[in-house]
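Working notes, structure below.
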Amino acid sequence: MHLFAERGFLGASVGDLAKACKTSKSLFYHYFPSKEDVLFEAMDSHVRALGHAAANVAAMNVPAPQKLRALTHSFMHLYLGAAAYHKVLLNEIAHLAPPRQKTIVSRQRELIDFVAGMLREIQPKLEPAHLERAASMIFFGMINWTHTWFKPEGPASADAIADLIADIILTGTKGYKKPA
């Protein structure tokens, strides 16, 4: 993923990938018939990890605000060291075949819908559905871009940032007034 993030899908050859993985090209091809297979597997594994985190939170027997906070913490910890994954997800998905793009986008939409459902539970005034979806996208907008500026060795911890994001979402939706 670091190589794809640095050079782009088209700029990274299979030879480059094999070298980065400290293996031979032939062994690389044994496990991945194409460069696209590597790209898809890397993207899919990251999005599936986020989905597993969401499933774990969904199984919690706590109120929706606590679930949102738990999800935010889980995502922040998964995002630590995953800047390359985010960059590749944002910039390289067009290099996947349409069925594979659909798989990734579908998994991403499931996450967006999961957060939208929690937000609807927290703040019913977010009806109609396009408003809860917008609030969900605002949540992801805040957390997904932390990879561009957050420094784990900096003065704020990942947990402090997760709490800040959850607080902004929870207090911001609390004060939302449905238009007349």
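The values are calculated or read from the model by the stated rules, or taken from the named source; none is laboratory data. All of these numbers come straight from a predicted model, not from anything done at the bench. Methodologically, a virtual Cβ is constructed for each residue, glycine included, from the backbone with ideal geometry; neighbour enumeration extends over all protein chains shown.
Quick notes on this one:
- Residue check for Pro99: farther than 21 Å from Leu3 by Cα, over 17 Å from the mean Cα position of the chain (by Cα) and modelled with pLDDT under 90: no
- Among residues of segment 61-97 being hydrophobic (A, V, I, L, M, F, W, C) and without any contact (Cβ under 8 Å) to a residue 24 or more places away in the chain, the one that is surrounded by the fewest Cβ atoms within 10 Å (Cβ to Cβ) is Ala94.
- Within segment 125-157, being over 24 Å from Glu110 (Cβ atoms) and either buried (at least 16 other Cβ atoms within 10 Å of the Cβ) or touching a strand residue (DSSP E or B) at 6+ places or on another chain (Cβ under 7 Å) (or both) holds for one residue alone: Phe150.
- Test: residue in segment 26-36 that is more than 17 Å from Gln101 (Cα to Cα), surrounded by 12 or more Cβ atoms within 10 Å (Cβ to Cβ) and of a type in the set (A, V, I, L, M, F, W, C): yes
- Among the conditions (1) free of Cβ contacts under 8 Å to residues at least 40 places away in the same chain; (2) within 27 Å of Gln123 (Cα to Cα); (3) small (Gly, Ala, Ser), the only one that Ala58 does not satisfy is (1).
- Taking the listed residues Ser74, Ser13, the one that is of a type in the set (S, T, N, Q) and under 30 Å from Gln123 (Cβ atoms) is Ser74, with no other qualifying.
- Condition met for Ala55 (at pLDDT 95 or above, within 16 Å of the chain's Cα centre (by Cα), surrounded by fewer than 16 Cβ atoms within 10 Å (Cβ to Cβ) and not β-branched (Val, Ile, Thr)): yes
- Selected residue (criterion: nearest to the chain's Cα centre (by Cα)) from residues of segment 102-147 that are acidic (Asp, Glu) and closer than 19 Å to Thr171 by Cα: Glu132
- Only one of the listed residues (Ile122, Ile112) is more than 25 Å from Ala12 (Cα to Cα), of a type in the set (A, V, I, L, M) and modelled with pLDDT under 90. That residue is Ile122.
- Segment 99-118, subset more than 17 Å from Glu41 (Cβ to Cβ), without any contact (Cβ under 8 Å) to a residue 24 or more places away in the chain and of a type outside the set (D, E, K, R), residue surrounded by the fewest Cβ atoms within 10 Å (Cβ to Cβ): Gly117
- Residue count for segment 136-180, restricted to those that are at pLDDT 85 or above and either touching a Ser or Thr at 6+ places or on another chain (Cβ under 6 Å) or not in a helix (DSSP H, G or I) (or both): 12
- In segment 1-27, the residues that are at pLDDT 90 or above reach residues that are part of a loop (DSSP other than H, G, I, E, B) and of a type in the set (A, V, I, L, M) with C-beta atoms within less than 6 angstrom, at least six apart or across chains, in these pairs: Leu3/Ala12; Phe4/Ala12.
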